[in-house]
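> This is the structure, below, for whatever I ask next.
The values are calculated or read from the model by the stated rules, or taken from the named source; none is laboratory data. For clarity, every value in this text was computed on a predicted model and none was experimentally measured. We place every Cβ from the backbone using ideal geometry, glycine too, and count neighbours over all the protein chains shown. Only protein heavy atoms, including side chains, enter the accessible area calculation; ligands, DNA and RNA are left aside. Shrake-Rupley method; radii C 1.70, N 1.55, O 1.52, S 1.80 Å.
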Amino acid sequence: RWAKMWSPGSEEAESLRPASAPRSSPERHVPFTASRRCAPLCSRPMPVSQTDLSALPIFAVLTPEELAILAAGAERVEIAEPGVELTREGEFGHSVLVVLEGTAQVSLEGAVVRELTRGDLFGEIAVLSSGRRTATVVSATPMVLASVFKRDVWAIESTNDAFAEELRRLRGERI
């Protein structure tokens, strides 16, 4: 569980840049893949608190014990600048991300279709259905996210009908 402030142009970002990509392309999004569980972007533990999660509407149906399970397995990810690609359409997704602070833009086939703000969850379709991301999400501002690994989502979903129904409702709205 490692996270740190990370920004385009940093040593970590440059290590991920394909050799063929220009160093100073303003059009280039810097990739962030939560499925890598934050490595190599991370340098110190940044847990997600139960309080962080309980304040969000999506988690209102969870018991304190379920919140504790999610918080224990979640990672706090801080994105320092806009333009960081959080998910890429078509790639495999292994975690659900929840916006704790900041905003991001969701695009389908290159067209922006939605803005995400505090309390919004994304990545649930890949975790619950196809395994592949159905949209690209790019930070619009500096952000703080909670990344919840799929096995923890599945564990709660299998025992909490209200949570499972809320996730299905979200998925239905977005497909």
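> Give the residues of the range 76-104 that are closer than 9 Å to P142 by Cα and either in contact with a helix residue (DSSP H, G or I) (Cβ under 6 Å, 6 or more places away or on another chain) or of a type in the set (D, E) (or both), sorted by residue number.
Listed by number, the residues that qualify are E78, E81, E101.
> Of all residues in the range 55-82, how many are within 17 Å of the chain's Cα centre (by Cα) and assigned to a helix (DSSP H, G or I)?
Going through the range 55-82 one residue at a time, the tally reaches 7.
> Looking at T87, T136, can you tell me which residue is under 23 Å from L53 (Cα atoms) and polar (S, T, N, Q)?
Step by step, each of T87, T136 is checked, and only T87 is under 23 Å from L53 (Cα atoms) and polar (S, T, N, Q).
> When you check E124 against the structure, is it farther than 24 Å from S49 by Cβ, without any contact (Cβ under 8 Å) to a residue 60 or more places away in the chain and of a type outside the set (K, R), yes or no?
Numbers: farther than 24 Å from S49 by Cβ: no; without any contact (Cβ under 8 Å) to a residue 60 or more places away in the chain: yes; of a type outside the set (K, R): yes.
Criteria not met by E124.
> Consider L100 against the criteria (1) open to solvent by less than 20 Å² (accessible area, probe 1.4 Å); (2) at pLDDT below 90; (3) not in a helix (DSSP H, G or I): it satisfies all of them except one. Which criterion is unmet?
(2)
> Can you go through E91, E75 and tell me which one is among the acidic types (D, E), crowded, with 21+ Cβ neighbours inside 10 Å, closer than 29 Å to T159 by Cα and in contact (Cβ under 8 Å) with a residue 24 or more places away in the chain? Spell out how you get there, then give the answer.
Values: E91 fails: crowded, with 21+ Cβ neighbours inside 10 Å.
None of the other options fit; the residue is E75.
> While we're here: Considering only the range 109-159, state which residues are in a loop (DSSP other than H, G, I, E, B) and open to solvent by 60 Å² or more (accessible area, probe 1.4 Å). Working first, answer last.
Applying the first criterion (in a loop (DSSP other than H, G, I, E, B)) to the range 109-159 yields 109-110, 117-120, 123, 131, 133-135, 140-142.
Selection gives E109, G110, R118, T134, P142.
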